[in-house]
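Since every read-out is calculated from the coordinates, none of them should be taken as a lab result. Since we're looking at a predicted model, the values are computed, not measured. All Cβ positions, even for glycine, are placed from backbone atoms using ideal geometry, and neighbour counts span all protein chains on display.
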């Protein structure tokens, strides 16, 4: 099996174990939030930022924690915190702080028993391998958390597809929200 086939087979295995209804419920929750914030470190942070970009294209009020223009998190907002292991210190700290401020926390992780998941109001479990290769995680030939990153990106894109369908947002409307200076 070539490298692309290996990756595709691994990602397919993970995504087939996910519940699309859970993704749709997450989309509904995001629509109900006054504002959405995202956070994550390293490659999980890149996945969070990619998700934030798509949410902006769909017209949702969204911000990335840590950016200079990030507004304050307040009661009723939603924070989507991405960490494959669910133990990343900065991500867990941000989630705890947001919860203390009355925000709803969504954990995106491989481990539903992780510190991040335990403090979350909703957990989206992406049943992929983390960089720690814990017992029960999906097998992967890829290094570190690559499988989690790939599956996370696609799962969060599925959430965006649910959002687009719920709001009637097509490519033309999303394109109008896209950056005009690149």
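Structural remarks
- Of the residues examined, residue 91 is not one that is out of contact with any strand residue (DSSP E or B) (no Cβ under 7 Å at 6 or more places or on another chain) and either touching a residue at least 40 places away in the same chain (Cβ under 8 Å) or not in a loop (DSSP other than H, G, I, E, B) (or both).
- Answer from 31, 26 - the residue that is surrounded by 18 or more Cβ atoms within 10 Å (Cβ to Cβ), assigned to a helix (DSSP H, G or I) and touching a residue at least 24 places away in the same chain (Cβ under 8 Å): 26
- Within region 114-137, the residues that satisfy the criterion of being over 15 Å from residue 95 (Cα atoms) and in a loop (DSSP other than H, G, I, E, B) are 126, 127, 128, 129, 130, 131, 132, 133, 134, 135, 136, 137.
- Here residue 155 meets the list (1) farther than 22 Å from residue 76 by Cβ; (2) more than 14 Å from the chain's Cα centre (by Cα) almost entirely, failing just condition (2).
- In the set (1) in contact (Cβ under 8 Å) with a residue 24 or more places away in the chain; (2) crowded, with 17+ Cβ neighbours inside 10 Å, residue 59 fails one condition alone, (2).
- Odd one out for residue 48 among (1) within 21 Å of residue 132 (Cα to Cα); (2) part of a helix (DSSP H, G or I); (3) over 13 Å from the mean Cα position of the chain (by Cα): (3)
- Total residues in region 95-104, condition without any contact (Cβ under 8 Å) to a residue 60 or more places away in the chain and surrounded by 23 or more Cβ atoms within 10 Å (Cβ to Cβ): 1
- Against the test of being within 14 Å of residue 52 (Cβ to Cβ) and in contact with a helix residue (DSSP H, G or I) (Cβ under 9 Å, 6 or more places away or on another chain), the options 116, 79 yield a single qualifying residue, 79.
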